[in-house]
1. Could you tell me what a quarter of the Cα convex hull surface of the stretch B:1-90 works out to, in nm² with one decimal place?
2. Computed on alpha carbon atoms, what radius of gyration and Dmax characterise the stretch B:119-165, expressed in Å?
3. Using only the Cα atoms, what convex hull volume per residue in Å³ does the protein assembly as shown have?
4. At 1.4 Å probe size, with every protein chain present, just tell me what the per residue accessible area of the stretch B:180-287 comes to in Å².
5. Would you mind pulling out the separation of the Cα centroids of the stretch A:7-62 and the stretch B:138-215, in Å?
6. For residue B:225, list long-range residues whose amide hydrogen, built 1.01 Å from N in the peptide plane, is under 5 Å from its own amide hydrogen.
7. Can you give the relative contact order of the stretch B:180-287 as a percent, counting alpha carbon pairs under 8 Å and 6+ residues apart?
8. How big is the stretch B:61-174 on each of its three principal axes, counting only the C-alpha atoms and giving the largest first in Å?
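The values are calculated or read from the model by the stated rules, or taken from the named source; none is laboratory data. Given the structure is predicted, the values throughout are model-derived calculations rather than measurements. We place every Cβ from the backbone using ideal geometry, glycine too, and count neighbours over all the protein chains shown. Ligands, DNA and RNA are excluded from the accessible area calculation, which covers all protein heavy atoms including side chains. Shrake-Rupley method; radii C 1.70, N 1.55, O 1.52, S 1.80 Å.
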Amino acid sequence: MQVRITVNGAETGAEVEPRLLLVHYLRNVVGLTGTHWGCDTSNCGACTVWLDGVPVKSCTTLAAQADGHAVRTVEDLDAGGELDPLQRGFMEEHGLQCGFCTPGMLMTLRALLDSDPDPDETTIREAISGNLCRCTGYENIVRAARWAAAHAAAGGAEQPTPPTGGAEQEVTA
Amino acid sequence: MQVPAPFDYRRAHSLDEAVALLERHGPDARLLAGGHSLLPMMKLRLARPETLVDINDLTELDYVRLDGDEIAIGALTRHATVLASALLAEHYPIFAEAEAVIADPLVRNRGTVGGSLCQADPAEDLSGVFAALRGRAVVHSSAENRSVALREFHRGPYETAVGDGEILVELRVPVRPGAGSAYEKVERRAGDWAVAAAGAFVQLRDGVVADVGIGLSAVGADHFTCPEAEDALRGQEPTAARIAEAAAICRDRCEPTADQRGPVDFKRHLAEVLVTRALTRASRRAGGAEA
Ligand SMILES: Cc1cc2nc3c(=O)[nH]c(=O)nc-3n(C[C@H](O)[C@H](O)[C@H](O)COP(=O)(O)OP(=O)(O)OC[C@H]3O[C@@H](n4cnc5c(N)ncnc54)[C@H](O)[C@@H]3O)c2cc1C
Ligand code: FES
Ligand code: FES
């Protein structure tokens, strides 16, 4: 079947099998591999994208269901040429280690911050309860979201300190 | 990589079209609502429908509203909408308490009330909620709209009263002035299915239980409920002793099976404890002691 899906504001389209999952459409057909494909069982949230503005698990959504709809992926977060405050928060607060869960975390948390610009820790933890992270223990992810909330008003003025060389210092500190 | 077997995809743009598609494609066609039970089953090849009829465009089935002396919930209403509903929060806190522990926020953005009930998983939380509240299901076909008591809706695990060519369109719950309600669930980790769960509503008149409903999930309770326990409490004061008596009846009447979530005696124990808690909180709320 033919599908036409708006991805990050751009029209995409392809002839696909109805059984093609949205995550594979994004990664293999459109070539946007930022959306990660993890557990494949609707549990880990690595595949989280927005469907018409709502975060969903793209491994449990058919590309066919997104036909005629709008999808937003992690690649769109720095669309204006500047990192989203949330992305900067993840850098500042060391919100990722291996980075596998990060695209899903970012899409879930961006949706949270859009509806609740100043969420408390409990709200953040509840929001990401469908996004699993095997590395960070979530502490730094929660801090990253808080950082983004605190720096949203600044309008993304100052860029975060680049992580170069910092890693080694942290280990020895 | 988990991939469903091939199928035809049809998108319905109206209820009539959805029914017509079901009729045309016969018993090998399945409705696709949130897809969060059906697609995982298809990926595991536990389900192999030949045609999927996508009903996500039927936004006219996505509502929670007061309709006379009943609350009507459209079958395509997402879990997230139920969780956030001020109307349900006002009349039946049991909904928000159950929804808050159904899956995770991402699944709740997609999964629907109708899909949950039609999936008829023995651990489905909303089945227990609607059984407790003695709700009714409105089932639509090209011939009629029929109303089925929720306590007759489930025909067994993964089996419901919805037949070929039929669609569940609405759930209805009577408004019960002054009623208190509550939901209790034990799960292994955030977002998981229940090891055991219980819900209840209590209506008091002159300090005596005028009406009561009990729902049970994941413990093999017949039709997700236990009428004998309700009968034991009706007409009594909701004292700790009376509630304990009703909870013990639930413990003895349910038929849990051992699985990776726990052995039978543990689940029976949970049924008793969770019914006690749900009844206690529901009674307090009915008494006005707790918000
Ligand atoms: C990771 C995960 C965790 C979960 N945890 C829980 C939990 O803790 N508690 C819980 O209760 N549920 C849980 N669920 C299930 C979740 O609530 C699903 O959303 C729900 O079971 C199915 O709803 P759906 O709209 O996605 O249905 P679908 O998957 O679209 O459909 C399910 C079945 O119902 C049929 N159907 C759908 N709509 C209708 C209709 N209107 N009329 C007739 N038939 C219809 C379909 O044909 C299909 O057979 C979980 C799911 C996942 C993926
Ligand atoms: S890959 Fe989709 S939830 Fe894990
Ligand atoms: S950073 Fe490795 S899974 Fe989250």
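1. Numbers: hull surface 29.1 nm².
Here the figure is 7.3 nm², rounded to one decimal.
2. 10.9, 32
3. Each residue corresponds to 164 Å³ of Cα convex hull volume.
4. Values: 4540 Å² over 108 residues.
On a per-residue basis, 42 Å².
5. If we compute the Cα centre of each part, the gap is 34 Å.
6. For residue B:225, whose amide H was placed from the backbone, the distant partners under 5 Å are B:216.
7. The value is 35 percent.
8. Result, largest extent first: 34, 32, 23 Å.
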